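Here's the structure we're looking at; comments come further down.
The values are calculated or read from the model by the stated rules, or taken from the named source; none is laboratory data. Because the structure is a prediction, the values reported are computed rather than measured. Neighbour counts run over all protein chains shown; Cβ positions are idealised from the backbone, glycine included.
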Amino acid sequence: MRSVHPEKAEQAQQRLFQDALSERGVIAGIAIAAILTGVAILVQMYSLSVLIDAAFLKEWSADAYYPFFFLLLGAVFIRAALAWLDKWLGLKLAIGKKSEYRRRLLHKIHDLGPVRLKKEMTGELIGVQLNGVEKLDDFFSQYVPAAIRMMTIPLIIFGAAMWFDWPTGLVFMITGPLIPIFMYLIGTKAGDKIREQWSSFRRLNAHFLDTIQGMDTLKLFGREKNASRSINNVSRMFRVTTMRVLKVAFLSGMVLELSASVSTAVVAVEIGVRLIEGMIGFQMGLFMLLLAPEFYLPFRNFGSAHHAGMEGAEAGTRLFDLLDEKTDQNSKEADENFEIPPPPFNIGLIGLRFNYPNSANEVLKGVNLTLRPGEVHTLTGASGEGKTTILNLIGKLLRAEHGDIIVNGTSLIELNIEKWRGQISFLPQFPHFITGNIADNIRLGNHQATDSEIIDAADGALAHEFITKLPDGYNTILGEGGLNLSGGERQRIALARVFLKKSPILLLDEPASFLNEELELLLLKSIKKLSENRIVLLSSHQPRTILASDRLSILSNGKISESGSPDELFPDFWTEIDTRKVK
Amino acid sequence: MMRDFSEVFSELMNLKGRASLSLLLGSLTVMTGVGLIAASGYLISWAALRPPILDLILVLVAVRFFGISRAAFRYAERLFSHDLTFRILKNLRVHFYEKLEPLLPGKAIQYRSADLLSRFSDDVDQLQEFYLKTIAPVLTALFFIVLTAIIISWYSQILGLTVFTLMVLNAFLMPVFIRYKAGKSARDISVAHSGLSQYMNDHVRGATDLLFSGYHREWVRIGEDKIEELAAIQLKRAGAFGMDTGLFTFLSNASLPISFILLLPLVLDGAISGLVMTAIVLGIFSVFEAMEPVGSALQHYIESKEAAGRIKEVTSSPDKVLKESGGDSFKPQKFSVVFDNVSFGYGSNPVIKELNLQIHSGEHALLMGPSGCGKSTIAHLLVKWFEPWKGEVRIGSLNTKNFRGSDVRKYITVVGQHTRLFNTSLRNNLKIADPDASDADLVGALNRVGFSKTLKKLPEGLNTQVGELGLRLSGGERQRVALARALLKDAPIWILDEPLSNLDREMADEIMQTLQELIEKKTVLHITHQNRRHFAVDKVYSMKEGAVCEELAQLI
């Protein structure tokens, strides 16, 4: 986990708060519940003070107690019901917001597209979606309602105190606002200190994980036995530095507690003195005393929800970072509304240049290439030369900065992205299987396909035979927790999608890299059969695939260095290996 | 049920003095809180009788004392309990590190779970709070329930019993009841969660496959449905949580009318004075403060139990854990590497089958094959992360099986695809390879691997913090650090496991050049799936699925 910059965290916190306020209905509900709670507290404490006063100083008949007793009981019920409602509304707010963020993330991930996602580290993305969003729960369900209660309940109690007994109201007025001011002052001072030490904190605390994750490195250098001592030392350092900060950080909590309890004591003494002087009645005095802790309670609750606010801010920072990511590639482009020309296609790549963001060097430095239907065209070249980049550019997963891709006379930029992708079957180097069975996964090629069409497609991809040998055949579950297939088996199931879709353009990234010689040749025959009237572009560096293709283009230093039939080119390197094979 | 926590308890027992002190401070915090309210009530009741003000001095002092000391006790308690928590954490970390160390990295490789270790670390962190969030609140609540019941019974046994019941209900029975009520939806939530997580995994990792499937619109709709489904279940559970808060509020506030109505006859009879009644009614109400944290203690208990279970699963594995045996010191005369009919797999299926491979001392061999065909497994066996099922791995003429892994690894350097930099200074990262190296040695090594330009740019030179939380070095720079480490270790056998695959073309060419000079006199196994960018080698092995290993002709 990366650490979050404190300033960004503060911005995120404000944004989260604004997002919460936009849920007017729920927020109004929480506010109304808080106001009613304030009123219930007044009724509860007033009737209690009347009852105690009567028992203590007055000679009431038993009947006289009933109305106030039931008033007290009623106020307790209502207060409990409101607490229930308030909690439920807070959770409802949190659940609604979490769903909303999840939906936005879902669409964002879709809009970012696979090439960008790869860079964002897939594991972290899933983490943000699930854990990150879940961490916002306390922010919405605790922090926000606590803030609302803090802004309403003390005001009501203060109003009542001013109305019934202004000297006590004065004590509230003087000490009440002190609490947030103290909290702010000490909070920011502690905050500064924490911010100062934040990075060293994170480093010390992450040391344990860092050590166990790097165990292979430690062991390769024979340092695994020293690490135990270093964990001991670092953990101690972590404690010492953290405690130094907590000493300050807890001060804000202490000030809060102190002003609450000292003010209660001040109210008690002030009322006591006035009682002796006969300036106030006992019932009123007791009422005021009972109100004092209730006046400070919302502040204290807000203080303890503060932590939820901080955690939410941190989770929110990551979330907003991702949601704010610009989607330049796959966004709906205004100029892409052209209909797709009817197949068969001729595709021309003209002077295509591309470099990945944050990379100093261009991958493609002016690629020219013509793709015609009916021939199997293979791109070859060392890894990192940009074979996959070219496939991604044709599939509109990336957009070239310079140069153009022309489809039957129209620039690819102008073609509708979804319809264009409908014309393409794309086999990634490492295909993914969604959770489901083999048939579901092949059906991704064509959702309406019948069972027999699926079997035909699997047959074409040389997958049918091994699938039928599996205990559950086409119903074998794939994906997480499913059957572990070998690389070659995975490749052939993914290829079955291509055979099922039968689209006019096939882009296949290393389609036979996991297959043995025999299967590789059979598969190429099968692909060759499919290539009639279709554009087939493979990337490969396997000699047999290269030699079996109709046309070969060699990528080198960002350009097509040679292009022609394998017979014309005879790429010396690979044929040499193939012919001089020893066994 | 406490057996799961035996390790936490034994660490806690080592710190029982501090634990008792923190419990005492916690109790004093509650007591002074109750004392403040009760004394205040007593004060104003007495004042209502208009006694001479001097009679009140003692109560006045008590009110003031409680008013000030409560915050001080609370502050001290928080400091002490947190300090204790960090001490527990330290002991737990050391304890579990020592248990985990012999199992790694084999276990992590075997399970192929990227988050196995980060979950382990999170789980250890979870256990540190077992005292603070489970033991302490429960003990404090129990103490006050008993104490309050005893004191109140002095005045009224019925009230004592009633208050006891109310508090037990509030602190213990109600959380259990709510848990039980929420239990079913908690399971539903975890099912919905893992369903959504699976979906997200497919959504992210299968993005390409889905975009070209013509199915992606429907797919996104499915995701939205899953999100809604989770929200609906969570909303159901929200009802139970709301009830929890409502009931807690009710029970603690209901103590006011209940204690009043039970004390009223006693006051009217003159058995107790009105002063005492006020103090008791107000005091009982504020004891409920000590019950509040118990509700979440149950939740913490359950989470900690799960964490302890997962930790146990990792540390007490019945797997074929590599036993470090053989006391003989490993001193091969030559540095040839031989795999003789070796079979091995991580689960029940073999990854490599009857593999033969031979690299003579000082020879450079290239091993090619697609990802996932078992190339890296060969490296794992050579450095003894695992023992082969069958066959022998020999260095020189010695079967590595008979020697300690740590001794074998002294002769081997691995430069891999990802170089791990620890969250510490560049100096410490290099010194892993040679703790005795001087700064001059380190700079010398960095210069030789072409790092000098970068070193000049680093803000604090060798002191610069690198790694995850420090300065991020580029892929090429990291590989150079790896080479500098390798240089400092100066082992006779080098395994190069895709050292260039994360680099762009220009960078790969530069690193390759540097490497070429470093490995000149070494025995080298270069593993790659790439075709062209590799070194001048003496022999080439090609691997395919099923781990067939064929030797190809010499190149160049």
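Can you tell me which residue among B:186, B:149, B:171, B:182 is surrounded by 22 or more Cβ atoms within 10 Å (Cβ to Cβ) and among the small types (Gly, Ala, Ser)? Can you show your working first?
Values: B:186 fails: surrounded by 22 or more Cβ atoms within 10 Å (Cβ to Cβ); B:149 fails: surrounded by 22 or more Cβ atoms within 10 Å (Cβ to Cβ); B:182 fails: surrounded by 22 or more Cβ atoms within 10 Å (Cβ to Cβ).
Going through B:186, B:149, B:171, B:182 in turn, just one is surrounded by 22 or more Cβ atoms within 10 Å (Cβ to Cβ) and among the small types (Gly, Ala, Ser): B:171.
Could you say whether any residue in the range B:40-50 is outside any helix (DSSP H, G or I) and of a type outside the set (Ser, Thr, Tyr)? Write out each step before concluding.
Initial filter on the range B:40-50 (outside any helix (DSSP H, G or I)): B:49-50.
Checking the rest, the ones that are also of a type outside the set (Ser, Thr, Tyr) come to B:49-50.
Checked against the condition, which is being outside any helix (DSSP H, G or I) and of a type outside the set (Ser, Thr, Tyr), the range B:40-50 yields at least one hit.
Might you check whether a residue that is assigned to a helix (DSSP H, G or I) and within 14 Å of another protein chain (Cβ to nearest Cβ) occurs anywhere in the range B:453-464? Before you say what the answer is, go through the steps one by one.
As a first pass, look at the range B:453-464 and keep what is assigned to a helix (DSSP H, G or I): B:453-457, B:461-463.
Keeping just the survivors that are within 14 Å of another protein chain (Cβ to nearest Cβ) gives B:463.
Yes, some residue in the range B:453-464 is assigned to a helix (DSSP H, G or I) and within 14 Å of another protein chain (Cβ to nearest Cβ).
Of the conditions (1) β-branched (Val, Ile, Thr); (2) in contact with a Phe, Trp or Tyr (Cβ under 9 Å, 6 or more places away or on another chain); (3) in contact (Cβ under 8 Å) with a residue 60 or more places away in the chain; (4) farther than 30 Å from residue B:271 by Cβ, residue A:30 clears all except one; give me its number.
Here residue A:30 meets the rest and fails (2).
Exactly one of (1) of a type outside the set (S, T, N, Q); (2) facing chain B (nearest Cβ under 7 Å); (3) in contact with a helix residue (DSSP H, G or I) (Cβ under 6 Å, 6 or more places away or on another chain) is unmet by residue A:86. Its number?
The number of the failed condition is (2).
Output the residue which, of all residues in the range B:347-381 that are aliphatic (A, V, I, L, M), in contact with a strand residue (DSSP E or B) (Cβ under 6 Å, 6 or more places away or on another chain) and within 16 Å of residue B:337 (Cα to Cα), is surrounded by the most Cβ atoms within 10 Å (Cβ to Cβ).
B:367
Please pick out the residue among B:208, B:278 that is within 7 Å of chain A (Cβ to nearest Cβ), within 36 Å of the chain's Cα centre (by Cα) and crowded, with 22+ Cβ neighbours inside 10 Å. Lay out the reasoning, then the answer.
On the way: B:278 fails: within 36 Å of the chain's Cα centre (by Cα).
Going through B:208, B:278 in turn, just one is within 7 Å of chain A (Cβ to nearest Cβ), within 36 Å of the chain's Cα centre (by Cα) and crowded, with 22+ Cβ neighbours inside 10 Å: B:208.
Considering the range B:229-245 alone, what residues qualify as being within 7 Å of chain A (Cβ to nearest Cβ) and without any contact (Cβ under 8 Å) to a residue 40 or more places away in the chain? Break it down into steps so the answer makes sense when it comes.
The first filter runs over the range B:229-245 and keeps only residues within 7 Å of chain A (Cβ to nearest Cβ), leaving B:231, B:234-235, B:238-239, B:241-243, B:245.
If the condition is that a residue be within 7 Å of chain A (Cβ to nearest Cβ) and without any contact (Cβ under 8 Å) to a residue 40 or more places away in the chain, then B:231, B:235, B:238, B:239, B:242, B:245 are the ones that fit.
Counting only residues that are within 22 Å of residue B:522 (Cβ to Cβ) and not in a helix (DSSP H, G or I), how many does the range B:401-419 have?
First pass over the range B:401-419, keeping only residues within 22 Å of residue B:522 (Cβ to Cβ): B:403, B:405-419.
Going one step further and asking which of them are not in a helix (DSSP H, G or I), we end up with B:403, B:410-419.
Summing the residues that are within 22 Å of residue B:522 (Cβ to Cβ) and not in a helix (DSSP H, G or I) in the range B:401-419 gives 11.
Quick test of your reading of the structure: residue B:122 fulfils all but one of (1) among the acidic types (Asp, Glu); (2) under 11 Å from the mean Cα position of the chain (by Cα); (3) more than 21 Å from residue B:3 (Cα to Cα). Name the failing condition by number.
Condition not satisfied by residue B:122: (3).
Can you tell me which residue is surrounded by the fewest Cβ atoms within 10 Å (Cβ to Cβ) among those in the range B:417-464 that are touching a Lys or Arg at 6+ places or on another chain (Cβ under 7 Å) and over 24 Å from residue B:517 (Cα atoms)?
Applying the filter and picking the extreme gives B:463.
Looking at B:90, B:99, can you tell me which residue is assigned by TED's automatic domain parsing to the domain that holds residue B:298, surrounded by 18 or more Cβ atoms within 10 Å (Cβ to Cβ) and under 30 Å from residue B:406 (Cα atoms)?
On the way: B:99 fails: surrounded by 18 or more Cβ atoms within 10 Å (Cβ to Cβ).
Step by step, each of B:90, B:99 is checked, and only B:90 is assigned by TED's automatic domain parsing to the domain that holds residue B:298, surrounded by 18 or more Cβ atoms within 10 Å (Cβ to Cβ) and under 30 Å from residue B:406 (Cα atoms).
In the range A:417-507, which helices (runs of 4 or more DSSP H) lie fully inside it and hold 1 or more residues that are within 22 Å of residue A:388 (Cβ to Cβ) and touching a Gly at 6+ places or on another chain (Cβ under 6 Å)?
Values: elements: A:417-422, A:438-442, A:451-460, A:464-469, A:487-501.
Hits in the range A:417-507: A:417-422, A:487-501.
Based on what the data block shows, is residue A:245 more than 8 Å from chain B (Cβ to nearest Cβ) and of a type in the set (A, V, I, L, M, F, W, C)?
So residue A:245 fits the description; yes.
So which of B:8, B:30 ends up being modelled with pLDDT under 90, assigned to a helix (DSSP H, G or I) and either among the β-branched types (Val, Ile, Thr) or in contact with a Cys (Cβ under 6 Å, 6 or more places away or on another chain) (or both)?
Details: B:30 fails: modelled with pLDDT under 90.
Just a single option satisfies the conditions, and that option is B:8.
Taking the range A:407-426 only, how many residues are surrounded by fewer than 15 Cβ atoms within 10 Å (Cβ to Cβ) and either of a type in the set (Gly, Ala, Ser) or more than 27 Å from residue A:496 (Cβ to Cβ) (or both)?
Looking only at that region, the number is 5.
All but one of (1) buried (at least 16 other Cβ atoms within 10 Å of the Cβ); (2) under 30 Å from residue A:271 (Cα atoms); (3) more than 10 Å from chain A (Cβ to nearest Cβ); (4) not basic (Lys, Arg) hold for residue B:73; state the number of the condition that does not hold.
Of everything listed in (1) buried (at least 16 other Cβ atoms within 10 Å of the Cβ); (2) under 30 Å from residue A:271 (Cα atoms); (3) more than 10 Å from chain A (Cβ to nearest Cβ); (4) not basic (Lys, Arg), residue B:73 misses just condition (3).
Quick one: how many residues across the range B:510-532 are modelled with pLDDT under 65 and crowded, with 17+ Cβ neighbours inside 10 Å? Let's see the steps before the verdict.
Initially, the range B:510-532 is screened for residues modelled with pLDDT under 65, giving B:530-532.
With the extra rule that they be crowded, with 17+ Cβ neighbours inside 10 Å, the set shrinks to B:531.
Total meeting the criteria: 1.
Residue A:222 - would you say it is at the interface with chain B (Cβ under 7 Å from one of its Cβ atoms) and outside any helix (DSSP H, G or I)?
The answer is yes for residue A:222.
Given (1) at the interface with chain B (Cβ under 9 Å from one of its Cβ atoms); (2) surrounded by fewer than 21 Cβ atoms within 10 Å (Cβ to Cβ); (3) under 22 Å from residue A:548 (Cα atoms), identify the lone condition not met by residue A:380.
Just one mismatch for residue A:380, condition (2).
Need the failing condition index for residue B:91 against (1) closer than 29 Å to residue A:206 by Cα; (2) polar (S, T, N, Q); (3) more than 9 Å from every other protein chain (Cβ to nearest Cβ), just the number.
Every listed condition holds for residue B:91 apart from (3).
Just one of A:562, A:520 is among the acidic types (Asp, Glu) and assigned to a strand (DSSP E or B); which is it?
Details: A:520 fails: assigned to a strand (DSSP E or B).
The match here is A:562.
Just give me the residues in the range A:248-288 being facing another protein chain (nearest Cβ under 7 Å) and among the aromatic types (Phe, Trp, Tyr), in sequence order.
Scanning the range A:248-288 gives A:250, A:282.
For residues in the range B:467-481 being under 21 Å from residue A:206 (Cβ atoms) and either touching a Gly at 6+ places or on another chain (Cβ under 8 Å) or not in a helix (DSSP H, G or I) (or both), which is modelled with the highest pLDDT?
Taking the candidates together, the pick is B:473.
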